[in-house]
Amino acid sequence: MAFIGAAVAPVALRPVRVSVCSSRSVFVGARVAAKVAAPVAVVPTMKFEISENTPFEINPVIIVLAMVGWIVPSSLPAPIALTGGTGLTQAFLASMNANLAAWPKGPAGDDPFWTLMFIWHAGLFATLIFGTIGVNGRKTGRFDL
């Protein structure tokens, strides 16, 4: 189970410089530093826990590498009847284009678009999940023998 919590980090504010003007809108002179009573701003941050007290980092580099790690292999041609001999990504994009050409009518329930969409996204999310688990597991030393 993933637990999503919000941590609160205090942020101190700096004094602000303001100009002093008279009631006749004539510039009086020197700038004075306004005394700000150092209020604390609340900055929420997202932290995930896979199990109790086990932190889980989300790293954008892992997300990009996992996406490339799925898109490149799924673009290779394969002799699969559903893809017509092309790669899964090309077949999925061709199916999207064919359905967009029939706009505003959407794809039917038995259209191969749904199967391609499910397979493509299931592979993408599996790659993202396993890549993130692998990197976080290596950082925490879970895979050390």
Selection within segment 122-145 - part of a helix (DSSP H, G or I) and over 15 Å from the mean Cα position of the chain (by Cα): A122, G123, A126, F130, I133, G134, V135, N136, G137, R138, K139, T140
Meets criteria (modelled with pLDDT under 90, of a type outside the set (G, A, S), surrounded by 10 or more Cβ atoms within 10 Å (Cβ to Cβ) and touching a Gly at 6+ places or on another chain (Cβ under 6 Å)) for I62: yes
Where G131 falls short, out of the listed (1) out of contact with any Leu (no Cβ under 9 Å at 6 or more places or on another chain); (2) over 19 Å from A91 (Cα atoms): (1)
Filter result for the condition that a residue is closer than 21 Å to S74 by Cβ, out of contact with any Cys (no Cβ under 7 Å at 6 or more places or on another chain), surrounded by fewer than 13 Cβ atoms within 10 Å (Cβ to Cβ) and modelled with pLDDT of 90 or more, over L116, L124, L93, L100: L100
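The values are calculated or read from the model by the stated rules, or taken from the named source; none is laboratory data. All of these numbers come straight from a predicted model, not from anything done at the bench. A quick note on method: Cβ atoms are made from the backbone with ideal geometry, for glycine too, and the neighbour counts reach across all protein chains shown.
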